[in-house]
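Step one of this worksheet: look at the structure below.
Any read-out appearing in this document is the output of simple, stated calculations on the displayed coordinates, not a laboratory observation. All figures in this text were calculated on a predicted structure; none of them were measured in a lab. Quick reminder, even Gly has a Cβ in these numbers, built from the backbone with ideal geometry, and neighbours come from all protein chains shown.
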Amino acid sequence: MYDIVVHSKYLRTSTMAQYPCFICNKKFNSEKACHQHLCDAHEWPFNDNLNDNLDTPKPWVCSYCSQKTFPSKELYLLHVLNNCPRIGDQLQTRHDEVLEIILDAAYDAYGEDENWQVNSVVKDYPHYQLPCGIQSKPGSQSPDIAMYNRTIKEAVIIQLSVPWESNISEAGQQALTKMEFWSSQFQERGYHCFCYNVEIGSRGFIPSSFYKCLKNMYLHDEDISHYAQECQDVVIKYSQYLIEGRPEGSDEEDDSYDDSSDDYDYYSDDYYTDDYYTYDY
């Protein structure tokens with residue numbers, strides 16, 4: 001599995017000193033330097049294009065806290081999709097819907113081998129049983145996805161975040177810090193532990209961390225592209241639900257849903273553009 005093994009020492013160094021570009025994966029010593037690189041090398045932000053993925057009827061009013069003072073669509077979306085303190089569990093719903101797709105990819109990679117145990121907070125309980133002697137922090141749920149093989153003593157941990165696109169690097173560092181707790185326990189028990197932080201932007205951006213994770217699970221390029229498209233579609237769908245103030249996880253009143261057909265689209269053509277920001281690494 002290449003050099004993706006994450007030891008506790010590496011995790012501490014990474015979280016303190018390395019900020020990877022989520023487009024080309026070049027590393028920097030500070031968030032400021034990484035952001036400057038994004039602007040200079042990749043003409044970041046793609047804000048206008050990403051904003052076009054979502055329909056935001058005017059006036060820009062938050063359905064949850066009724067805030068109205070948004071000078072731009074971008075600031076309105078930042079508030080509703082990631083920052084509003086009153087949204088509650090709907091952010092977790094969006095996270096879990098995307099995680100189910102990554103879990104499908106994990107089953108595609110490992111599910112046929114009966115020696116691999118695949119667990120996830122969306123398939124099992126949020127506090128599912130890890131191998132004997134490996135614990136989660138009190139009050140904290142188990143890893144988003146944890147896979148382990150007792151025969152060859154290998155484990156894979158995946159943590160998903162759905163951040164605002166300019167906060168992807170920060171979200172990745174937070175995930176690495178969280179995974180250190182589990183990774184060190186697996187290693188103490190003789191496992192070769194592989195850790196992946198995966199981020200999907202809340203407006204549909206798919207960064208390099210997604211492709212790195214699935215490539216290192218030995219999935220074919222066409223399968224990776226398929227899962228990337230599914231993740232993008234689902235995150236845009238549930239972000240649109242957040243904007244519309246729909247009930248948690250609800251498909252109610254989805255005008256583009258046709259119950260009479262097995263082949264329906266969740267989105268009309270007006271919901272998002274075809275100018276997707278996916279990258280093949």
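Working ranking of peptides 111-121, 224-234 by packing, defined as the average number of other Cβ atoms within 10 Å per residue, highest first, is 224-234, 111-121. Note on HIS192/ASP89: beta-carbon distance plugged into 1/(1 + (r/R0)^6) with R0 of 35 Å gives a FRET efficiency of 0.45.
When DSSP beta bridges are restricted to pairs lying wholly in the stretch 95-244, around 55% turn out antiparallel. Pairs of Cα atoms nearer than 8 Å and 6+ residues apart set the relative contact order; for the stretch 41-172 it is 17 percent.
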